[in-house]
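Beneath this line is the structure, given in structure tokens, with notes to follow.
The values are calculated or read from the model by the stated rules, or taken from the named source; none is laboratory data. From a predicted model like this one, the values you see are computed outputs, not experimental measurements. All Cβ positions, glycine included, derive from the backbone under ideal geometry; neighbour counts span all protein chains shown. The protein model used for the area step is the full one, side chains on, heavy atoms only, and it has no ligands, DNA or RNA in it. Shrake-Rupley method; radii C 1.70, N 1.55, O 1.52, S 1.80 Å.
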Amino acid sequence: MTKKILAISSGGGHWIQLMRLQPAFLGCKQVFVTVNEDYKIHLDEESSFYKINDATRWDKFSLLILSLRILWVIARERPDITISTGAAPGYIAIRIAKLFGSKTIWVDSIANVDEVSLSGKKISCHADYCLTQWQHLEDKDFKFLGSCL
Amino acid sequence: MIFLTVGSQMPFDRMVKVVNEWASLNPDVEVVAQIGDSIESFDCLSTFSSLSPQEYDQYVLSADLVIGHAGMGTVITCREFCKPLAVMARRGDFLETRNEHQVATTKWICEWRCVEEFNNVEELAASIAKLLENCSEMELGAAAESELVSNIRTIIREI
């Protein structure tokens, strides 16, 4: 059976890194979720696409709207695997996806050279796989399996 | 043409001011600038607040050199398109981003050939001169497929 993967990130570098990982999703049914409608241009026609609002962890109202939207997408799509390169949308998606029995993968942004991101630290006890892109940041919570470059 | 980008989130006027000053001293060079929702005006740059991903890629592709903040979107795009890059790090203590991660990124990417850091107009002039002389193209394009991709593929297969 073809697995379904839901790949989610916020904009800018998070999305560019998610796109660098896309070749790994080949053979899966792919669902992408991000903050900018225009990013659809990077995807082929078979992938599904959902736009979400962006939110930071300081903006409680946007976070609530974002969570409801992500809940709706996940309830509808029921992915086998959920993967994120950050930040807030990925954290929320992994928490919700777990409730639906999805396996979850967090890839911390390569921008975090000195320490793992705050969202990364907070998701580490929930996600099935937590990856850092820096060897020197590998620890009991975060595995290093290479970088997206 | 030189393409300046501050990334998709916040304006970065401290950097754009430096580039505008450089452009005023080099009127024969065209500088196209994506500057975010800035309220300042920069008379020596052709400015856009934001660009679509296609327009953005097109400007990076046709630029001789990119000037940008040290965000990974900018860094990875330049690497994929083999473009020399002059960077200024956004600083957390100036509230230009949420913490000092761009300072750390800058320290790391400046070890690459064809990436130079600047913090003022003198350093920018030196960076541009050095990049244009030494790097018609960035030495390393991003690898076709990273180790991380094959490892994640294995994880997905095993799930």
Helix-only mean residue ellipticity at 222 nm for the protein assembly as shown, each DSSP H run of n ≥ 4 adding -39500 (n - 2.57), per residue, nearest 500:
-11000 deg cm²/dmol
Cα centroid of region A:49-117 to Cα centroid of region B:15-40, whole Å
36
Rounded to the nearest 100 Å², what is the sum over both chains of accessible area buried where B meets A, with a probe of 1.4 Å?
3000
Rounded to the nearest 10 degrees, what's the angle between the helix B:53-62 long axis and the longest principal axis of chain B, both from Cα atoms, 0 to 90?
70
Using a 1.4 Å probe on protein heavy atoms, which residues of region A:124-149 have at least 20 Å² less accessible area in the complex than alone?
A:TYR129, A:LEU131, A:TRP134, A:LEU145, A:GLY146, A:SER147, A:LEU149
Got a number for carbon plus sulfur as a percent of region A:56-121's accessible area, 1.4 Å probe?
60
Whole number in Å², please: accessible area per residue of chain B, 1.4 Å probe, ligands, DNA and RNA not counted.
47
Name the residues of region A:17-32, by number, that are at least 50 Å² less accessible with every protein chain in place than in the isolated chain; the surface is that of heavy atoms, probe 1.4 Å, without ligands or nucleic acids.
A:ARG20, A:ALA24
Quick one: 3J(HN,Hα) in Hz for region A:58-66, Karplus 6.51/-1.76/1.60 with θ = phi - 60°, rounded, Gly and Pro as x.
8, 10, 5, 5, 4, 4, 5, 4, 4
Please enumerate, by chain and number, the lysines with C-alpha under 20 Å from the C-alpha of A:LYS103, excluding those fewer than 8 residues away in the same chain.
A:LYS3, A:LYS4, A:LYS29, A:LYS121, A:LYS122, A:LYS140, A:LYS143
In whole percent, the fraction of accessible protein surface over chain B that belongs to carbon or sulfur atoms, probe radius 1.4 Å, stands at 47
Acute angle (nearest 10 degrees) that the helix B:147-158 long axis makes with the longest principal axis of chain B, alpha-carbon atoms
40
Of B:VAL31, B:VAL103, B:SER41, farthest towards positive along the dipole that unit charges on Lys, Arg, Asp, Glu beta carbons give chain B
B:VAL103
Students often forget the sequence filter, so: which lysines lie under 27 Å Cα-Cα from B:LYS83 once same-chain residues fewer than 8 apart are removed?
A:LYS40, B:LYS17, B:LYS107, B:LYS130
Cys residues of chain B with no disulfide-compatible partner (no other Cys Cβ under 4.7 Å) are B:CYS44, B:CYS78, B:CYS82, B:CYS110
Check each residue of region B:62-101 and keep those whose accessible area, probe 1.4 Å, is at least 10 Å² smaller with all protein chains in place than in the chain alone; give them in order of residue number.
B:MET72, B:GLY73, B:ILE76, B:THR77, B:ARG79, B:GLU80, B:ARG98, B:HIS101
Quick one: grab the alpha carbon gyration tensor of region A:91-134, order the square roots of its eigenvalues as a ≥ b ≥ c, and give me rounded if a/c is under 1.5, else prolate or oblate depending on whether a/b is larger than b/c.
prolate
With angles folded into 0 to 90 degrees, how steeply does helix B:13-25 sit against the dominant principal axis of chain B? Use alpha carbons for both and round to 10.
50
With Cα springs under 10 Å, the Gaussian network model of chain B assigns the largest mean-square fluctuation among B:GLN34, B:GLN58, B:GLN102 to B:GLN58
